[in-house]
1. What list of ³J(HN,Hα) values in whole Hz, one per residue of the stretch 113-127 in order, does the Karplus curve 6.51 cos²θ - 1.76 cosθ + 1.60 (θ = phi - 60°) give from phi, with Gly and Pro shown as x?
2. What Kirkwood hydrodynamic radius do you get for the stretch 1-78 when you take the inverse of the mean 1/r over all pairs of distinct Cα atoms, in Å?
3. Past 27 Å, Cα to Cα: identify those pairs from 57/110; 11/57; 26/84; 11/89; 57/132, in the order given.
4. Grab every C-alpha pair in the chain, bin the distances at 10 angstrom width from 0 up to the longest one, and report whole percents.
5. Considering only 14, 117, 27, give the residue with the highest GNM mean-square fluctuation for the chain, with springs between Cα atoms whenever their separation is below 10 Å.
6. Need the full-extension length gain, residue 68 to residue 21, defined as separation in residues times 0.36 nm minus the C-alpha distance. One decimal, nm.
7. Strictly greater than 19 Å: what percent of every Cα pair in the stretch 80-135 meets that?
8. Given a 10 angstrom Cα cut-off, can you work out which residue in 95, 107, 56 is the most mobile in a GNM of the chain?
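Just so it is clear, none of the values below were taken in a lab; they were calculated from the coordinates. Please read all numbers here as calculations on a predicted model, not as lab measurements.
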Amino acid sequence: MERLTIGVLAKLAGIGVETIRFYERKGLVIQPPRKGLSYRQYPLSVVGRIRFIKRAKDLGFSLKEVAELLNLRVDPQTTCADVKARAEKKIEDVADKIMELQRIQNALAKLAATCYGDRPTDECPILAALDKEEG
């Protein structure tokens with residue numbers, strides 16, 4: 001079985017060494033024991049695990065959710081429906097975030113439309129609106 005140093009693992013997985021150490025602290029990647037005074041040697045399978053973590057993060061899953069997905073993967077009681085439920089929940093979360101970002105975009109557009117950019121900052125309608133207390 002091929003073994004990798006943390007530097008080689010990081011390069012193959014496309015992440016930094018510190019990210020691997022962070023994943024170890026979070027329990028997402030198991031830190032292999034040292035053999036004597038030598039470097040830790042990671043199994044090649046860890047590359048796939050880190051790539052899984054990266055892809056899940058790219059889809060918006062938090063590290064906690066990634067850990068849950070990894071646990072579902074090895075739980076013999078888990079079905080594909082359990083994993084699908086997590087994905088559907090993430091879809092709902094993303095839709096909620098999109099709505100919130102659209103609300104923010106609309107509010108910023110309204111504020112920007114009030115400003116012609118030719119006044120000093122003490123007369124800026126954007127800054128004035130941000131100073132107002134909501135009632």
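1. Working through the residues one at a time gives 5, 7, 10, 9, x, 10, 10, x, 4, 6, 10, 6, x, 5, 5 Hz.
2. Details: mean 1/r = 0.0761 Å⁻¹.
Over the stretch 1-78, the inverse of the mean reciprocal pair distance is 13.1 Å.
3. Working: 57/110 33 Å; 11/57 18 Å; 26/84 24 Å; 11/89 33 Å; 57/132 38 Å.
Violating the 27 Å Cα-Cα cut-off are 57/110; 11/89; 57/132.
4. 10, 26, 20, 16, 16, 10, 3
5. 117
6. Gain on stretching residue 68 to residue 21: 15.0 nm.
7. Details: 819 of 1540 pairs.
Looking at the stretch 80-135, the distances longer than 19 Å represent 53 percent of pairs.
8. Sorting by GNM fluctuation, first place goes to 107.
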